[in-house]
């Protein structure tokens, strides 16, 4: 009886913690969440600045990447669609390897060891590693904010992401040029067309 009571209390506290960590808009209908995402990331408007730390320990801040095209993938390692599209994402990286393009894969929940394991697993099972620059869920500080939090804040609050994977392309002037949620070959094809257009400018 005591063990059951302890388990019940623990489960209840865990549920409250998870609920508290969930952005309020996640409880909205799908169409409302999509509208919020589009309004937050309007094409042609300045992208929201952030800092991330790569799996190699390097710090990257978006505002310092002006003059380069930035391609962002918000994901987490336990997301099947995120993992399934990695071969296509690697193909895109290889296609533009001679260009001034930064490819960032920002994990919303996985630490460095988990992402290292993902890379090792991909290499063992598939024969390749993910070619994006992986950014584990370290603490960071957003521009204009004094609080510190995880990459989840970048995805869920700065960019209003509510579906994974999410792909975002930012041009050399730091402006949004492509934003989409979910996976699919049609979305990746538009990504390539957008990159081609930005390179040609």
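Bear in mind that the values in this text are calculations on the coordinates, not laboratory data. Computed from a predicted model, the values in this text were never measured in an experiment. Quick reminder, even Gly has a Cβ in these numbers, built from the backbone with ideal geometry, and neighbours come from all protein chains shown.
A few comments on the model shown:
- Taking a ≥ b ≥ c as the square roots of the eigenvalues of the Cα gyration tensor, region 154-201 is classed as oblate, since a/c reaches at least 1.5 and a/b does not exceed b/c.
- Global form of region 30-200, assessed from the alpha-carbon gyration tensor, a/c cut-off 1.5: rounded
- Beta bridges from DSSP with both residues in region 30-200: antiparallel share about 60 percent, rounded to the nearest 5.
- When each of 91, 114, 152 is scored by the number of other beta-carbon atoms lying within 10 Å, the sequence from fewest to most is 91, 114, 152.
- Highest-first packing order for the peptide set 116-127, 60-71, 172-183 is 172-183, 60-71, 116-127, based on the mean count of other beta carbon atoms within 10 Å.
- Neighbour counting of Cβ atoms within 10 Å sorts the residues 135, 82, fewest neighbours leading, into 82, 135.
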